[in-house]
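Heads up: the structure comes next, in structure tokens.
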């Protein structure tokens, strides 16, 4: 609507009044509460400000992806919490998608046992509150896992114990060259698949771009080891006795049981909803589509890949986006089992030590908002790329 | 028609907001205690307690709270309302407690809270005194071979509560000993105990009184022991909001009266018979001499009611801490006249 039609359209103008008033009302309401909070805080001698972020945090965090100790700032502690939240969300989303797709397809299987098993799984895990599942995985796992001296041993390089899953640590030389080789592999793959598509569309020639891609993905990094000077060593965890009965592994990387339990609970729970989305998506593709595809001689795999999945994805993606968002937000339950996510570290310990409730809670809310918006805009972009393009 | 009506509603509500804006403010600085007025109007004291710490604040199966922290609120209720039972308890996590107090959801926070400079000065709170001198310690399994904090080695994992001073003390302690450690901080004490019990961590650290109390909740309490060392000072005491000096005084002196009553041998059973005592200090404490209550706007029998309905500090300690086996030895929580450090300003 341009300005000219706007000024002429009296009817529209009239409709605008309630909208403006509503907006005004909301603005007034917010400013009323802000003003109130300010007066109350002044009365109690509390200053508002974000200066505390640069102060020394003086508490330690048990699990961190970046270099951190208590002499770092609150801002650094916030970053540690945020990265831990992102880590568990990403792991959760990947596992939930894998389980969800498998179970969703499984529910439609003609094999009675598989279909029933998938159905029972969905009905159990989506109907029990997530917090309970979290406690179950955490405390059940803690009780079930062995003490370090009786650790489950995987080929003498990895050990699973009640204190965590110890895996070898990778120690790289010339790591950047390795990364470049991976990037180069991806660029080559894109190039090959574009070329393959052109060949297929213009000359009807089939190039096995998938296999070429896989080969490239392994070959280029392998070359970087051979001629690029990249070296990889492993630091293997070793058992150390610390007192008469206390043992623990030193060295390597420890995947703490809190992370395992949280990722497990989040993905098992969310996978049930994704499975239902997948089932809905596949059932939503008309039977005639499959029959038509079969009649022109496509194989079963081709039918799934070329006909069913592209149409099913359009149905699956929007509700699955919601599930990804839910999973990310649900990761805040971490505080219950001591996984140091942003809520436990920042909106918990840091809030407690500084007393800056309003500042810290707003930062945390803003962070979750930003996270959710990023996920949903990424998923919207992906959704648009698979949507029907009207011609 | 419908639209105009809707507009009207919007305009009215918007102007209501404006009016409300104009009326706001005031409260602080007035001479009378607003908290006291509100408490008397409501008919109960709003008291924030723990989510269950035996000896300090713990609810039985019927929902009745008891403990030495609970008794501070009961003393205030006896003083300002005449009945020690007129208390509304709000169980709070370590994380929630200060926000609840600042927001006015509670008027006294009596929840084994450590008095520190930053809490006192920075976040709108005022500590009124100390009702338990504690210190942070470590609990380990008896068979661990650890008999002192000097036996700890790098790589040890330590469970504790989040949002407490223990997280900070722990870091100071391990850093000073140059020991690397894995901190695991839970929100609720029950989960800390469960995780320690399951072997997730090698040691459990919190205030020693808390360790003693939580040990009773474990599957096999006798398999665990508290190490002898104390790594920090933890003066625990009640907290009030900043800005209401009269209320602050009421809570402070309700606590002091209980301690001083023990000093002068006044107990819940003999208090009323001591009205004609020879000792003027005893007479002041039981309300037969002087007008101590008028300074807070209370009657003269306020302190007598505290002693009669709640008891003196020695009685409270015996009932909640000593007889329950949490800390039979009073240690620093003994009167200054008997070798402890309980020493309060005289009520006169």
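Listing for the model above:
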| item | result |
| --- | --- |
| Boolean, residue A:319 is touching a residue at least 12 places away in the same chain (Cβ under 8 Å) and either closer than 18 Å to residue B:99 by Cβ or crowded, with 20+ Cβ neighbours inside 10 Å (or both) | no |
| Flag if residue A:59 is surrounded by fewer than 15 Cβ atoms within 10 Å (Cβ to Cβ) and outside any helix (DSSP H, G or I) | no |
| Every residue from the range B:132-148 that is within 12 Å of chain A (Cβ to nearest Cβ) and either touching a residue at least 12 places away in the same chain (Cβ under 8 Å) or buried (at least 22 other Cβ atoms within 10 Å of the Cβ) (or both) | B:140, B:141, B:142, B:143, B:144, B:146, B:147, B:148 |
| Output for the range A:114-149, where each listed residue is in contact with a strand residue (DSSP E or B) (Cβ under 8 Å, 6 or more places away or on another chain) and in a helix (DSSP H, G or I) | A:148, A:149 |
| Residue match in the range A:211-220 (condition: assigned to a strand (DSSP E or B) and crowded, with 18+ Cβ neighbours inside 10 Å) | no |
| In the range B:97-122, the residues that are assigned to a loop (DSSP other than H, G, I, E, B) and surrounded by fewer than 21 Cβ atoms within 10 Å (Cβ to Cβ) | B:103, B:104, B:105, B:115, B:116 |
| Qualifying residue in the range A:85-95 (condition: at pLDDT 90 or above and not assigned by TED's automatic domain parsing to the domain that holds residue A:267) | no |
| Flag if residue A:275 is in a helix (DSSP H, G or I) and crowded, with 23+ Cβ neighbours inside 10 Å | yes |
| Residue match in the range B:64-86 (condition: surrounded by 19 or more Cβ atoms within 10 Å (Cβ to Cβ), at positive phi, touching a strand residue (DSSP E or B) at 6+ places or on another chain (Cβ under 9 Å) and outside any helix (DSSP H, G or I)) | yes |
| Residue in the range B:173-190 that is under 23 Å from residue A:248 (Cα atoms), surrounded by 19 or more Cβ atoms within 10 Å (Cβ to Cβ), outside the structural domain of residue B:50 (by TED's automatic domain parsing) and touching a residue at least 40 places away in the same chain (Cβ under 8 Å) present | yes |
| Helices (runs of 4 or more DSSP H) enclosed by the range B:168-274 - at least 1 residues per element that are farther than 30 Å from residue B:315 by Cα | B:189-197 |
| Scan of the range A:187-230 for residues that are at positive phi and touching a residue at least 40 places away in the same chain (Cβ under 8 Å), ordered by number | A:229 |
| Given (1) in contact (Cβ under 8 Å) with a residue 12 or more places away in the chain; (2) not in a strand (DSSP E or B), index of the condition residue A:172 fails | (2) |
| Unmet criterion (only one of (1) outside any loop (DSSP other than H, G, I, E, B); (2) crowded, with 17+ Cβ neighbours inside 10 Å; (3) modelled with pLDDT of 90 or more) for residue B:318 | (2) |
| Meets criteria (in contact with a helix residue (DSSP H, G or I) (Cβ under 9 Å, 6 or more places away or on another chain), buried (at least 17 other Cβ atoms within 10 Å of the Cβ) and in the same structural domain as residue B:77 (by TED's automatic domain parsing)) for residue B:295 | no |
| Residue tally, condition over 17 Å from residue B:134 (Cα atoms) and either in contact (Cβ under 8 Å) with a residue 60 or more places away in the chain or more than 13 Å from chain A (Cβ to nearest Cβ) (or both), over the range B:99-118 | 7 |
| Count of the range A:283-303 residues which are more than 34 Å from the chain's Cα centre (by Cα), surrounded by 13 or more Cβ atoms within 10 Å (Cβ to Cβ) and in a helix (DSSP H, G or I) | 3 |
| Set A:85, A:102: member being surrounded by fewer than 19 Cβ atoms within 10 Å (Cβ to Cβ) and in a helix (DSSP H, G or I) | A:102 |
| Failed condition for residue B:162, given (1) within 13 Å of chain A (Cβ to nearest Cβ); (2) modelled with pLDDT of 90 or more; (3) in contact with a helix residue (DSSP H, G or I) (Cβ under 7 Å, 6 or more places away or on another chain) | (2) |
| Filter result (crowded, with 21+ Cβ neighbours inside 10 Å and touching a residue at least 40 places away in the same chain (Cβ under 8 Å)) within the range A:231-248 | A:237, A:248 |
| Candidate set from the range A:30-44 (those that are modelled with pLDDT of 90 or more and more than 7 Å from chain B (Cβ to nearest Cβ)); member that is surrounded by the most Cβ atoms within 10 Å (Cβ to Cβ) | A:31 |
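Conditions (1) within 14 Å of chain B (Cβ to nearest Cβ); (2) assigned to a helix (DSSP H, G or I); (3) at pLDDT 90 or above, marked per residue:
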position	(1), (2), (3)
A:305	no, yes, no
A:316	no, yes, yes
A:320	no, yes, yes
A:336	yes, yes, no
A:339	yes, no, yes
A:343	yes, yes, yes
A:373	no, yes, yes
A:382	no, yes, no
A:389	no, no, no
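Okay, residues lined up against (1) more than 30 Å from residue A:254 (Cα to Cα); (2) in a loop (DSSP other than H, G, I, E, B); (3) facing another protein chain (nearest Cβ under 8 Å):
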{"site": "A:22", "(1), (2), (3)": "yes, no, yes"}
{"site": "A:28", "(1), (2), (3)": "yes, no, yes"}
{"site": "A:46", "(1), (2), (3)": "yes, yes, yes"}
{"site": "A:52", "(1), (2), (3)": "yes, no, no"}
{"site": "A:76", "(1), (2), (3)": "no, no, no"}
{"site": "A:91", "(1), (2), (3)": "no, no, no"}
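The values are calculated or read from the model by the stated rules, or taken from the named source; none is laboratory data. Remember, it's a predicted structure, so these values are computed and weren't measured experimentally. All Cβ positions, even for glycine, are placed from backbone atoms using ideal geometry, and neighbour counts span all protein chains on display.
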